[in-house]
Amino acid sequence: VSAKNVTLGVPRLREIINMAKTVKTPGLTIYLQKEFNGVQENAKKVLAMLGYTTLGDIVKSTEIYYDPEIRETVVAKDVKFVKKYYKLSDET
């Protein structure tokens, strides 16, 4: 198992939004839906479309929450995820 140095969270979002000229993590994995998966021509079409995609094209809405406690969240939908994440993190 190898570890990657990746830019995450706010720094990564800042790179994307500001269209940074020097991207620290110049990669992105996109999974195609089953009907488009496995055909190289489909992947090329998606790649061409993404070259001209802005964040506003793909985001319906956004909300920012402040969670003062790193191991807890005020977002009800995220409570289970955060608990599982830190449980797994503590085990490894």
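The values are calculated or read from the model by the stated rules, or taken from the named source; none is laboratory data. Model, not experiment: these values are computed from the prediction. In this analysis, Cβ positions are derived from the backbone assuming ideal geometry, glycine residues included, and neighbour counts consider all displayed protein chains. All accessible areas refer to the heavy atoms of the entire protein, side chains included, with ligands and DNA or RNA removed. Shrake-Rupley method; radii C 1.70, N 1.55, O 1.52, S 1.80 Å.
Legend: residues V79, V10, sorted from most to least accessible area (1.4 Å probe; ligands, DNA and RNA excluded), read V10, V79.
First select every other residue whose beta carbon is under 15 angstrom from the beta carbon of V46; then total the charges, Lys and Arg +1, Asp and Glu -1. Write out the running numbers ahead of the final one.
Details: positive: K34, K44, K45; negative: E35, E41, D57.
For residues surrounding V46, the net value is 0.
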